[in-house]
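> Before we start, here is the structure in question, set down as structure tokens.
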Amino acid sequence: MDEPKKTKPIGMLLQEKGIINEAHIQFALKEQKITKEMLGEVLERLSFATEMDVVSVLSKQENVPYVDVDELLPDERLLKLFNKKLCLNNIFLPYNVDEKYTDIAVSNLNNLKIGQLVSRNTGLTPRFYIAEKSKIINAINKFYYFLENPVEQAIESEVKLLSHDAEMARSMDNLTRHILHLAIKMRATDIHLRPMEQTLNIGFRIDGVMQSVLALPSSIGRLVSSLKMKADMDIAEQRVPQDGRFSESVLSNRYEFRVSTEISPYGENMVLRVLPVSRSFMGLKELGFFDQDIECIKKMFNEPFGIILLTGPTGSGKSTTLYSGIRCLNLLEKNVLTVEDPIEVNMSLLRQTQVNEKAGYTFSSAIRHFLRHDPDVILVGEIRDAETAGTAISASSTGHLVLSTLHTNSAIGAIPRLRDLGIKPYMISDSLIGVVSQRLIRRICRSCKEEYTPEQWELEYLKDPTIDKLYRGKGCDLCNNSGYFGRTLVYEFLSLDSELSLMIEAEEGLNEVTRAAKDKGFRDIFDVTAQKTKMGITSIEEAVRVIGNLKQV
């Protein structure tokens, strides 16, 4: 980064990689005239490209390595050589030093000032890595906040003050704020407040696994009432479950917290689902799909009519995969209508609506209305009942592409589930394009990953006696000594051809359909999980935890 190089425009780079086309660029340029944004920012906002797409093409052109800022734990001594305002103004994150170099994450490779600042503050040569701008900004806000405000100590101090507050005059706001900050710091997706016999236990769900984080005195049980008030719930009612929600700004990001209570022997149990309001889009590769499968999935999403289903447990990322699949469509030429509960990610080029059952606006009524709105693609948040299933199948049979989610344990399992919902076998075979079934599995922490010689039971589980090494995480500060950091998809997808459709219409058994699909290259979720285990993406213990032994046909 000594001198700015003459580089190709970002639009051209993305076009050469096949991520966008000329029509996308022209559309974005019209938007840019009004908004005055950078072209890359417009392309990201319109969902034509992800932030990762932009960074990856820049990394390749400039020959600067990429770093995932989410997986960094900067040296605190290095952070203290700079300050939050300086880093935010120039959008860079110093994170590591050795004898000669300071490692710096940047998003703009042409900002010469950063190199000068780093050299002056550290006396070392800067070594640059490219990263997403949003991740750098989030990391700066997070690491400098916790550097100046050790949240664990703040919680301990606040609990002492509240414990000695016999008259209960002190507000719970500070404790609430500290707990929310700790949840974001630890990457929690759910916060559990669990009253025990003598304590109030605070647990976080991190990467899909529950962890007990805090034990508070039972006298602080009024924290539940405080949160109920915040979520606009009835604090006087403690006999029946309630639902509510509130929004809060944490570390300069807006979050929505969906709150649910239920009755327990020691008081009200509460769960808060943590949802970032602005979530960045992820491509199919970033989600964890293998290259050979991505092309098949893209082809499936570009069928002109029929229905595509995403199946899997609650919280397995089905909606995220649907949004990524929608990005495979040429949205400039498609009228895409959605009905969701609630709208999880805003996409400018979609016409998104939200279920309102009190007003009579349900999934099934929305589909009927959409058919009068000249749709090409209809996204239905979830098929929950026979009426929704029937209207969705009918819409897919009349020249529309319908996308939805369904609760089943496997891709093949979607077929009997649709039958249970009253869909005739001939209608399933005529309209079903394909099914993707997925789960989320923890990734081994890259910071503490190690290889080891597998035991006999592990070779037997993976059905591969030739394996000579597997991988696991030792545990480190980055992963809170869990050995895991983040999650990836394990999945299976069933793409129907004429032979499989005829088998479904003839109501042949699921084992026969599965065997026929496997003869055509179908890989079940066990096969994909085993592959990711052998590659060192996840561990065999995690594979057993998430999928058990599903090797069947």
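> Would you check which residues across region 516-538 are more than 30 Å from Y452 (Cβ to Cβ) and surrounded by 15 or more Cβ atoms within 10 Å (Cβ to Cβ) and list them? Outline the logic, then answer.
Here is the first cut: in region 516-538, the residues more than 30 Å from Y452 (Cβ to Cβ) are 516-522.
Answer for region 516-538, where residues must be more than 30 Å from Y452 (Cβ to Cβ) and surrounded by 15 or more Cβ atoms within 10 Å (Cβ to Cβ): A516, A517, F522.
> Same structure again: I'd like the residue in region 23-51 that is open to solvent by 50 Å² or more (accessible area, probe 1.4 Å) and among the hydrophobic types (A, V, I, L, M, F, W, C) and, out of all such residues, is nearest to K135 (Cα to Cα).
Among residues in region 23-51 that are open to solvent by 50 Å² or more (accessible area, probe 1.4 Å) and among the hydrophobic types (A, V, I, L, M, F, W, C), the one nearest to K135 (Cα to Cα) is M38.
> For R523, only one of the following conditions fails: (1) touching a residue at least 24 places away in the same chain (Cβ under 8 Å); (2) part of a helix (DSSP H, G or I). What is its number?
Every condition holds for R523 apart from (2).
> Could you please let me know if S278 is open to solvent by less than 70 Å² (accessible area, probe 1.4 Å) and on the phi < 0 side of the Ramachandran plot?
no
> Kindly indicate whether any position in region 323-333 is at pLDDT 95 or above, surrounded by 19 or more Cβ atoms within 10 Å (Cβ to Cβ), closer than 13 Å to V402 by Cβ and under 21 Å from the mean Cα position of the chain (by Cα). Step through it out loud before you land on a result.
Keep residues of region 323-333 that are at pLDDT 95 or above, which gives none.
So far as region 323-333 goes, no, none of its residues is at pLDDT 95 or above, surrounded by 19 or more Cβ atoms within 10 Å (Cβ to Cβ), closer than 13 Å to V402 by Cβ and under 21 Å from the mean Cα position of the chain (by Cα).
> Continuing with this model, one more query. In this structure, is V64 closer than 19 Å to K8 by Cβ and either basic (K, R) or not in a loop (DSSP other than H, G, I, E, B) (or both)?
no
> Name the residue, out of E262, E303, E237, that is in contact with a Leu (Cβ under 7 Å, 6 or more places away or on another chain) and surrounded by fewer than 15 Cβ atoms within 10 Å (Cβ to Cβ).
Going through E262, E303, E237 in turn, the sole match is E303.
> Answer yes if at least one residue in region 525-544 is at pLDDT below 95 and among the small types (G, A, S), and no otherwise.
Looking through region 525-544, none of the residues is at pLDDT below 95 and among the small types (G, A, S).
> Still on this model: Identify the residue in region 80-91 that is within 21 Å of N149 (Cα to Cα) and hydrophobic (A, V, I, L, M, F, W, C) and, among all such residues, is most open to solvent (accessible area, probe 1.4 Å).
Just the residues of region 80-91 that are within 21 Å of N149 (Cα to Cα), to begin with: 80-88.
Next cut, hydrophobic (A, V, I, L, M, F, W, C) only: 81-82, 86-88.
Values: L81: 85, F82: 17, L86: 39, C87: 0, L88: 54 Å².
So the residue we want is L81.
> When both residues are 6+ apart or on different chains and their Cβ atoms are under 8 Å apart, which pairs have a first residue that lies in region 145-167 and is part of a helix (DSSP H, G or I), and a second that is open to solvent by 90 Å² or more (accessible area, probe 1.4 Å)?
L147/E76; L147/K80
> Could you grab me the full set of residues in region 364-406 that are within 26 Å of L502 (Cα to Cα), of a type outside the set (G, A, S), open to solvent by 10 Å² or more (accessible area, probe 1.4 Å) and touching a Ser or Thr at 6+ places or on another chain (Cβ under 7 Å)?
E387, T391
> Can you name every residue in region 433-461 that is among the hydrophobic types (A, V, I, L, M, F, W, C) and open to solvent by less than 30 Å² (accessible area, probe 1.4 Å)?
I433, V435, V436, I441, I444, C445, C448, L459
> Now for a separate question. Of all residues in region 92-108, count the ones that are in contact with a Lys or Arg (Cβ under 8 Å, 6 or more places away or on another chain), buried (at least 20 other Cβ atoms within 10 Å of the Cβ) and hydroxyl-bearing (S, T, Y).
Number satisfying all stated conditions: 2.
> If you take the residues in region 131-166 that are among the polar types (S, T, N, Q) and open to solvent by less than 50 Å² (accessible area, probe 1.4 Å), which one is modelled with the lowest pLDDT?
Filtering region 131-166 for residues that are among the polar types (S, T, N, Q) and open to solvent by less than 50 Å² (accessible area, probe 1.4 Å), the one modelled with the lowest pLDDT comes out as S134.
> Read through the list (1) on the phi < 0 side of the Ramachandran plot; (2) open to solvent by less than 30 Å² (accessible area, probe 1.4 Å); (3) among the small types (G, A, S), then give the number of the only condition that S56 fails.
So the condition that S56 fails would be (2).
> Among the candidates D477, D464, D430, which residue alone is in a loop (DSSP other than H, G, I, E, B), over 24 Å from K285 (Cα atoms), open to solvent by 40 Å² or more (accessible area, probe 1.4 Å) and out of contact with any His (no Cβ under 7 Å at 6 or more places or on another chain)?
Going through D477, D464, D430 in turn, just one is in a loop (DSSP other than H, G, I, E, B), over 24 Å from K285 (Cα atoms), open to solvent by 40 Å² or more (accessible area, probe 1.4 Å) and out of contact with any His (no Cβ under 7 Å at 6 or more places or on another chain): D477.
> Here is a further query. Mind checking which residues of region 21-49 are among the hydrophobic types (A, V, I, L, M, F, W, C) and within 23 Å of the chain's Cα centre (by Cα)?
Passing the criteria: V42, L43, L46, F48, A49.
> Also, quick follow-up: Take region 181-206 and flag every residue that is within 19 Å of the chain's Cα centre (by Cα) and either in a strand (DSSP E or B) or farther than 23 Å from R442 by Cβ (or both). Spell out the reasoning first.
Let us first name the residues in region 181-206 that are within 19 Å of the chain's Cα centre (by Cα), namely 183-191, 204-206.
Passing the criteria: A188, T189, D190, I191, F204, R205, I206.
> Regarding M229, is this residue surrounded by fewer than 15 Cβ atoms within 10 Å (Cβ to Cβ) and either in a helix (DSSP H, G or I) or touching an Asp or Glu at 6+ places or on another chain (Cβ under 6 Å) (or both)?
yes
> Look at region 386-410 and say how many of its residues are in a loop (DSSP other than H, G, I, E, B) and at pLDDT 95 or above.
1
The values are calculated or read from the model by the stated rules, or taken from the named source; none is laboratory data. Just so it is clear, the structure is predicted and the values come from calculations on it, not from any experiment. Quick reminder, even Gly has a Cβ in these numbers, built from the backbone with ideal geometry, and neighbours come from all protein chains shown. Protein only, heavy atoms only, side chains kept; ligands, DNA and RNA dropped before computing areas. Shrake-Rupley method; radii C 1.70, N 1.55, O 1.52, S 1.80 Å.
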